[in-house]
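Since every read-out is calculated from the coordinates, none of them should be taken as a lab result. All values derive from a computational prediction rather than experimental measurement. Using ideal geometry, Cβ is built from the backbone for each residue, glycine included, and neighbour counts are taken over all protein chains shown.
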Amino acid sequence: MTSAPPATVREVRLAAVPEGLPVPGDLTVAEVPPPVPRPGHVLVRNRAFQVFAGLRTLIGGAARDTPVPGLRPGDTLFGPAVGEVVAAPEAGPFRPGDLVTHPLGWRTYALVPVALCAPVDPALPDPVAALSSGSAAYGALTRVARVRAGDVVLVTGAAGGVGSLAGQTARLLGAARVIGTTRSPAKAERLVSELGYDAVVTAGTDPGDFADRLAGAAPDGIDVLLDTVGGHQLAAAVDAARTGARFSLVGALDGQLAAGGAGATAPVELDSFRLVVRGVTLGGYRGSEHPGVEEEWTGRFGRWLRAGEIRFPVTRIPGLDRAPEALSALVAGQYSGTVVVELP
Ligand SMILES: NC(=O)c1ccc[n+]([C@@H]2O[C@H](COP(=O)([O-])OP(=O)(O)OC[C@H]3O[C@@H](n4cnc5c(N)ncnc54)[C@H](OP(=O)(O)O)[C@@H]3O)[C@@H](O)[C@H]2O)c1
């Protein structure tokens, strides 16, 4: 049953631009009057929203060329959410009780332009699966790297929201061998036992060690890279590239989550001679340039989930009050898979 909003609703705001990595005190939970329905908008009671690494850049004070604008102190955070429609324009496509996804998470109630709402695809067995980052993994693998049967695929940041689905997806698309990276030995074990990675290369602070371990895990090199990290992991992947390898860059966590700076750059030295002689193609993936990918991914994800062919690793944090600490824990690498805050 969908009820009217309470007298006050709650939202998470940026209190101060973090100095270095965000700490819970950089965010604040504010109690405000509920949004007032207006034409062309849907009032949604949020059920869950995603906590994601990209927020570090958006709140860092130096966001530039990002798909969504940076935040300033006093702004309410935003990001992918799932919720239940409370009120909607009569002439529009939504009715009270409908489940929708939209970009205004980090608040208990959201007033969302109709055009930014989409119905939760009934193909998904759990509405929270609509908050996965799998479409980025799927789009990067199918549109940029164009993974083929028999490929050896390397996924950096394999335990993260993107990476935990990327390895499984690469396998379902025909990859012969899937290798992941993580900085955590405990996560490494789970990547193999639960998420179907054939091998995991743990990343420490020594780039030489990482390159040696990668060479051990992929003695004949790699055909595809899905990179969420950059830094020395990307440099080592260039050294491991087979002739004609395709690299798809999805993120740059090495810079985005660096303790210093504002998370808005990720410089790295690459051997461009090797890129040339091996004929490596290297491209960035931006979801906004591939409008059909989300729907295609959701359909396939739903079918794979129902058939038991893929797992959706998700860390569920209960309650809006814990959202500020969840962001800090995420950037500190304490979670695996997609991270969501659930609202009772
Ligand atoms: N292009 C697109 O359309 C698109 C869409 C979605 C996401 N993205 C990007 O994809 C990337 C991955 O997103 P996600 O949601 O999967 O991230 P995530 O899981 O939220 O990232 C957290 C993980 O990053 C790793 N990490 C933390 N600090 C790191 C550091 N300094 N160096 C290397 N790894 C570090 C940790 O993994 P370990 O503990 O295992 O090391 C941590 O668990 C991000 O850069 C995000 O902005 C792009």
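The figures follow:
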item	result
Ranked F78, F49, criterion: other C-beta atoms within 10 Å, fewest first	F78, F49
Considering only the chain, percent of DSSP beta bridges that pair antiparallel, nearest 5	55
Among G221, G83, G208: highest mean-square fluctuation, GNM of the chain, C-alpha pairs under 10 Å	G208
Dipole moment magnitude, nearest 20 debye, the chain about Cα centre, only Lys, Arg, Asp, Glu C-beta charged	460
Gyration tensor (alpha-carbon) shape descriptor, the stretch 233-318, a/c threshold 1.5	oblate
For the chain, calculated [θ]222 nm from helices alone, where every DSSP H run of n ≥ 4 adds -39500 (n - 2.57)	-6500 deg cm²/dmol
Percent RCO, i.e. relative contact order, over the stretch 1-151, from Cα pairs under 8 Å lying at least 6 residues apart	25
Contact order relative to length of the stretch 56-127, as percent, for alpha carbon pairs under 8 angstrom and 6 or more apart	23
Neighbour-count ranking [beta-carbon atoms within 10 angstrom, fewest first] of D227, D321	D321, D227
Order of F247, F273 - criterion: other Cβ atoms within 10 Å of each residue's Cβ, fewest first	F273, F247
Local electrostatic count at L99 - Lys and Arg +1, Asp and Glu -1, tallied over other residues with Cβ under 15 Å	-2
The chain - percent relative contact order, Cα under 8 Å, separation 6 or more	20
Among T182, T281, T66: highest mean-square fluctuation, GNM of the chain, C-alpha pairs under 10 Å	T66
Loop-resident sites, the stretch 31-84, for trypsin sites (Lys or Arg not before Pro), counting at most 10 other Cβ within 10 Å (DSSP)	R64
For the chain, built as a Gaussian network whose Cα springs stay under 10 Å, the top-fluctuating residue of L116, L55, L124	L116
GluC sites (Glu not before Pro) within the stretch 26-118: DSSP coil, no more than 15 neighbouring Cβ in 10 Å	E90
